[in-house]
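The values are calculated or read from the model by the stated rules, or taken from the named source; none is laboratory data. Please read all numbers here as calculations on a predicted model, not as lab measurements. Here the Cβ positions follow ideal geometry from the backbone for every residue, glycine too, while neighbour counts run over all protein chains shown. Surface areas here come from the heavy atoms of the whole protein model, side chains and all, with no ligands, DNA or RNA. Shrake-Rupley method; radii C 1.70, N 1.55, O 1.52, S 1.80 Å.
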Amino acid sequence: MNYIILDLEWNQSSTGEEEVSKILPFEIIEIGAIKLNSSRKMIDEFSELVKPQVYHEMHRITSKLIHLQMNQLQQGSFFPEVMKQFQDWCGDDYIFCTWGPLDLVELQRNIRYYGLEPLADGPFRYLDVQKLFSIAYEDRKSRRTLEYAIDFLNIEKDIPFHRAFSDAYYTAKVLARLEERVLSNYSYDVFHLPKDKESEVHVIFDDYAKYISRGFTDKTEAIADKTVMGTKCYLCHKGLRKKIRWFTPNGKHYYSVSYCDKHGFMKSKVRIRKSEDDMIYVVKTDKFITEEEVSDIRNRQEKSKQQRKEKRALKKNSNKD
């Protein structure tokens, strides 16, 4: 399997008033990529400008950042042609790698806008090198800039940043430095949701499990689903009793703690999200935690209850006035 390290540059409306900006907020103007083999050695490269068809003025921030002008883009080909070249270049056996998740989202928005064949008919795996860098060298949660990672790893800066090819090149350099064990922490692109219950995503990583649901019409339908709000040990597959029932501090994230006789306390977190086609879907993670962490979650639950009481009291007093 090859690694396709992808980076994009895009332009946007200079006025923000175009109706099309709601459908295609960012028009791709450059695709850059590096191909690494299974040993993570560089074996090929791809770099093409895209001739604009939607936004014909360069946004001032885009121009300042990437130093590209409209007259240069006129030398490129239209997006459908460049996309065809790119997919032919990628081949058949590969995984996308990007610095952060946004490039794949914008790539698929452009694909949809031009009515091209989608990259996949549901969620697919990719490597978020920005996240992998944090897992390998930091706290797993922080997200650094690409240039920070290059400086941290003492990688030579032999070409300028902020063009599609150069940023793909540097991302490939970071990826090549990571230990093999880190690469098992892949991400899922969910531009296209699972079509049905059978195609929902269930995956187990080193220290947690992840579930990505199909689409629901609204949040009420989602949290009524047994799989979404069920608590089952992802190691021994037994249904678990909750020690801390589901609660939400903000209406978007839900937490609970269950107990497995064999594996201990398991924290479940449900995140409510909205898809590109305005469906509601859920990302749930399950992870075994310590008794100290259980105590922290219980304190959060109590704080959440107290805040709700205070809000109800304020509302009641406001209605009296």
Cβ under 15 Å from Leu235's Cβ, Leu235 left aside: what net charge do those residues give with Lys, Arg +1 and Asp, Glu -1?
+2
Under a Cβ-Cβ cut-off of 12 Å, what is the net charge of the residues other than His56 that fall near it, where Lys and Arg count +1 and Asp and Glu count -1?
-2
Length-normalised contact order of the chain, Cα under 8 Å, at least 6 apart, in percent, tallies to 13
Mind giving me the nanometre distance, one decimal, between the label points for Glu310 and Asn250, set 7 Å out from Cα along Cα→Cβ?
1.7
Using DSSP to define loop residues, name the trypsin sites (Lys or Arg not before Pro) in the range 246-321 whose beta-carbon has at most 10 other beta-carbon atoms within 10 Å.
Lys262
Per the helix-only calculation at 222 nm, which mean residue ellipticity applies to the chain, given -39500 (n - 2.57) for every DSSP H run of n ≥ 4 and division by its residues, nearest 500 deg cm²/dmol?
-9500 deg cm²/dmol
For Trp89, the net charge from surrounding residues (Cβ-Cβ under 10 Å; K, R +1; D, E -1) works out to -2
Here the range 150-160 yields Karplus 3J(HN,Hα) values (6.51, -1.76, 1.60; θ = phi - 60°; whole Hz; Gly and Pro given as x) of 4, 5, 4, 8, 6, 8, 5, 8, 9, 9, x
On the protein heavy atoms, probe 1.4 angstrom, tell me the percent of accessible surface of the range 193-275 carried by carbon and sulfur.
46
Greater than 29 Å separation of Cα atoms is the criterion. Which listed pairs, Lys219/Lys262; Lys157/Lys274; Lys274/Lys303; Lys22/Lys303; Lys219/Lys309, meet it?
Lys219/Lys262; Lys157/Lys274; Lys22/Lys303
Hey, what's the range 246-315 come to in accessible area per residue, 1.4 Å probe, Å²?
62
Using a 1.4 angstrom probe on the protein heavy atoms only, could you order Trp89, Trp10 from most to least accessible area?
Trp10, Trp89
Difference of contour (0.36 nm per residue) and Cα-Cα distance, Thr15 to Arg241
75.9 nm
